[in-house]
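Below is one structure; the comments refer to it alone.
No value in this document is a laboratory result; all are computed from the given coordinates. None of these values were measured; they are calculated from a predicted model. Note that we place each Cβ from the backbone using ideal geometry, even for glycine, and neighbour counts take in every protein chain shown.
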Amino acid sequence: LDPDALTGDVRADDNTARLDLTISAALACAPDAFEPNRSSFEGDEARAAALVEGAYVGLRVCGTDDDWYAVELAPGDGLTVSLAFEHADGDIDVRLYDVDGDTQLDVSAGASNSESVEVPRALIGGTYFVRVYLFGDRAPASTYDMDVQVRRAGECMDDAFAPNADSANAAVIS
């Protein structure tokens, strides 16, 4: 419903009113394949959608309907969730929560075309939660792509000197 397209009139002589409505498909928010995923709480019918490592394209977040996702991590696992979108279409932000679904571990709330949250190593195993939402603007919906990377416990993350796993590839430090 486009509030700028409302027109009408009221007639005092016979107590009638006429209201013209224009409904815009552009303002509608079509659900994506993960709906309903409005909550981190297990008892909720619209609980977080389970994710595995990989790329997810063409997801949609609606203005009043946050997207919640759940990722299983073992103790020592790391997690990075990255979003790509058109900021001009809506200011998407992302938050990462601990296994209780309430304790915030990381937030990304910038003003660019991407956001990313991370837990370098999970202290305990369990389900970690990701919340994707539209921040403070009136965009009815926005489309985004999401990349989920899980680093299993024992896997070593590359540092700024990689590859340097043997003497033939040793990094020069000055």
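Considering the dipole of region 43-160 built from charges on the beta carbon (Lys and Arg +1, Asp and Glu -1) around the Cα centre, which of Ala88, Pro140, Ile124 is farthest to its positive end?
Of the options given, the answer is Ile124.
In whole percent, what relative contact order does region 31-94 give with Cα contacts below 8 Å and a gap of six or more residues?
Relative contact order, region 31-94: 28 percent.
What does the extension gain come out to for Ala55 and His87, with contour length at 0.36 nm per residue minus their alpha carbon separation?
9.6 nm
Figure the gain on full extension for Gln149 and Glu118 (residue separation times 0.36 nm, minus the Cα-Cα span) and round it to one decimal in nm.
Between Gln149 and Glu118, full extension yields 10.2 nm more.
Which of the GluC sites (Glu not before Pro) found in region 88-174 are in a DSSP loop and have at most 13 neighbouring Cβ atoms, other than their own, within 10 Å? Walk me through the numbers before you get to the answer.
Numbers: sites: Glu115, Glu118, Glu155; in loops: Glu155.
Here the sparse-neighbourhood loop sites are Glu155.
If you place +1 on the Cβ of every Lys and Arg, -1 on the Cβ of every Asp and Glu, and leave all else neutral, what size is the dipole of region 96-174 about its Cα centre, to the nearest 20 Debye?
Once rounded to the nearest 20, the dipole reads 80 debye.
Determine the equivalent ellipsoid of region 36-174 by diagonalising the alpha-carbon gyration tensor, then write out the semi-axes as square roots of 5 times the eigenvalues, largest first, rounded to whole Å. Write out the running numbers ahead of the final one.
Values: eigenvalues 186, 77, 26 Å².
Ellipsoid semi-axes (Å, largest first): 31, 20, 11.
Once you put a point 7 Å from the Cα of Ser174 and another 7 Å from the Cα of Gln104, both along the Cβ direction, what distance in nm separates them?
With each label point 7 Å from Cα toward Cβ, the separation is 4.2 nm.
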